[in-house]
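Accompanying notes for the structure given below.
Every read-out reported here was derived from the displayed coordinates using simple, explicitly stated rules and does not represent laboratory data. Computed from a predicted structure; not experimentally measured. Note that each Cβ is placed from the backbone with ideal geometry, even for glycine, and that neighbours are counted across all protein chains shown.
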Amino acid sequence: MESWLFLGIILLVAFLAKNQSLLIATLAVLALKLLPQSDKILTILNQKGINWGVTLISATILVPIATGDIVLKDLLDTLKSPLGWVATICGVLVAMLSARGVGLIASSPEVTVALVFGTIMGVVFLKGVAAGPVIAAGITYCIMQALQVFTTK
């Protein structure tokens with residue numbers, strides 16, 4: 001019963017904050033809880049969901065390559081600029097940090113509660129987005145802004 005209440009509060013917060021992604025995600029989990037054998041389904045989602053999400057995000061990122069909107073020349077041109085190098089380095093750093101994060105969650109699963117809470121707070125109240133590749137872009141932006149400050153003085 002407590003999980004229903006907790007999810008209901010998250011649903012209400014998502015609705016009030018007009019956060020469509022969190023609203024849909026919460027409704028989906030609530031709907032899954034209604035299904036027979038929901039424990040098995042939710043366990044599989046808990047174990048595999050992050051990988052499925054990363055796969056979906058990765059596929060989305062690859063679509064412009066598949067459609068020809070981004071070609072190899074674009075990558076080579078990007079790597080000729082500081083922005084391209086910083087973005088590449090940030091992508092590597094985020095992948096390394098994510099690997100360490102997965103290890104932390106495996107060794108200390110209780111940290112998941114704080115991570116989920118922090119993510120919900122960031123998404124709902126700070127208009128954040130719960131997506132890994134976007135983090136790399138955000139870090140890139142911060143580094144580029146700092147470089148710009150230091151190089152223009």
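Which of rounded, prolate or oblate describes region 1-41 when judged by the alpha-carbon gyration tensor and an a/c cut-off of 1.5?
Since a/c reaches 1.5 but b/c is at least a/b, the shape of region 1-41 is classed as oblate.
Take the Cα coordinates of region 23-102, assign each an equal point scatterer, and use the Debye formula without solvent to give log10 I(q)/I(0) at q = 0.11, 0.21, 0.27 Å⁻¹.
Debye intensities relative to I(0), on a log10 scale: -0.51, -1.06, -1.25.
How big is the equivalent ellipsoid of region 79-118 along its three axes, where each semi-axis is √(5λ) from the Cα gyration tensor, reported in whole Å from largest to smallest?
Numbers: eigenvalues 182, 23, 3 Å².
The equivalent ellipsoid of region 79-118 has semi-axes of 30, 11, 4 Å.
What trypsin sites (Lys or Arg not before Pro) in region 42-121 are in a loop by DSSP, with at most 13 other Cβ atoms within 10 Å of the Cβ?
Listed in order of number, the matching sites are K80.
Can you give me the pair-distance distribution of region 1-69, C-alpha pairs, 5 Å bins, whole percents?
3, 14, 17, 20, 17, 13, 8, 5, 2, 1, 0
Find the Cα radius of gyration of region 52-95, compare it with 2.2 N^0.38 Å by division, and give the number to two decimals.
After normalising by residue count via 2.2 N^0.38 Å, the value is 1.29.
Eigenvalues of the Cα gyration tensor times 5, then square-rooted: what semi-axes does that give for the chain, in whole angstrom, largest first?
Its equivalent ellipsoid spans semi-axes of 34, 19, 16 Å.
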